[in-house]
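Below is one structure, written out as structure tokens, with a few remarks after it.
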Amino acid sequence: MYRSGHGELEVFLVHPGGPFWIKKDVGAWTIPKGEYVDGEEPLEAAVREFQEETGFSIAGPFLELGVIRQASGKLVSGWAIEGDCDPRKLVSNLCQIEWPPRSHRMIEIPEVDRGEWFSIAEARKRIIRTQVPFLDSLVARQDGALLDGRDPARAHRGKTPSADGLLATRPVSGARKGAS
């Protein structure tokens, strides 16, 4: 999700939940994302994952931003949508993880423990390094749309099986959902 507030472009990022991420900040934030289920279109999954991880509903139009490869090797497609939300009202879904690792002890954690609005410059510092191209793509799309007079929020009105973006993203590798 992005907005043009306070005279500059801002993006909404989320911080992963759980004990592994609790003391990590710079380079730990992410775009709400997850994996799709059989028969689900990538954009549908992105919208669903955004709502599951934040509690906020979204609807298009969406901007396609690109496909990136996460450090894990998963391909992630993303989209951007212009909007606004109050990070204090974020409510994430819960998931189970084994903690500590190899302990066979399962604990329940929120997939996301908080969200926040960041300027593009600050988001570049906070976001997971492999997702920086999503920021670059959003900025380029915004700059291009503004230069030629198009409304950047009207760039995409439908679903596409392979797209990219910055709002909600999702792996397109076909793997099943796990903890983000």
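Here are the numbers for the structure shown:
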item	result
So S119, is it out of contact with any His (no Cβ under 7 Å at 6 or more places or on another chain), modelled with pLDDT under 60 and surrounded by 13 or more Cβ atoms within 10 Å (Cβ to Cβ)	no
Residues of the range 39-91 that turn out to be among the hydroxyl-bearing types (S, T, Y) and under 13 Å from the mean Cα position of the chain (by Cα), as a count	2
Number of positions in the range 15-53 that are touching a helix residue (DSSP H, G or I) at 6+ places or on another chain (Cβ under 8 Å), of a type in the set (A, V, I, L, M), surrounded by 14 or more Cβ atoms within 10 Å (Cβ to Cβ) and farther than 26 Å from R105 by Cα	1
Selection status of D136, of a type outside the set (K, R), touching a Phe, Trp or Tyr at 6+ places or on another chain (Cβ under 9 Å) and under 22 Å from S72 (Cα atoms)	no
Which listed residue is touching a Gly at 6+ places or on another chain (Cβ under 6 Å), touching a residue at least 40 places away in the same chain (Cβ under 8 Å) and not acidic (D, E), from W29, W79	W79
All positions within the range 81-103 that are touching a Lys or Arg at 6+ places or on another chain (Cβ under 8 Å) and part of a strand (DSSP E or B)	E82, E98
Options R124, R114: the member that is out of contact with any Ser or Thr (no Cβ under 8 Å at 6 or more places or on another chain), of a type in the set (K, R) and part of a strand (DSSP E or B)	R114
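The values are calculated or read from the model by the stated rules, or taken from the named source; none is laboratory data. Because the structure is a prediction, the values reported are computed rather than measured. Heads up, the Cβs are rebuilt from the backbone with ideal geometry, glycines too, and the neighbour counts pull from every protein chain shown.
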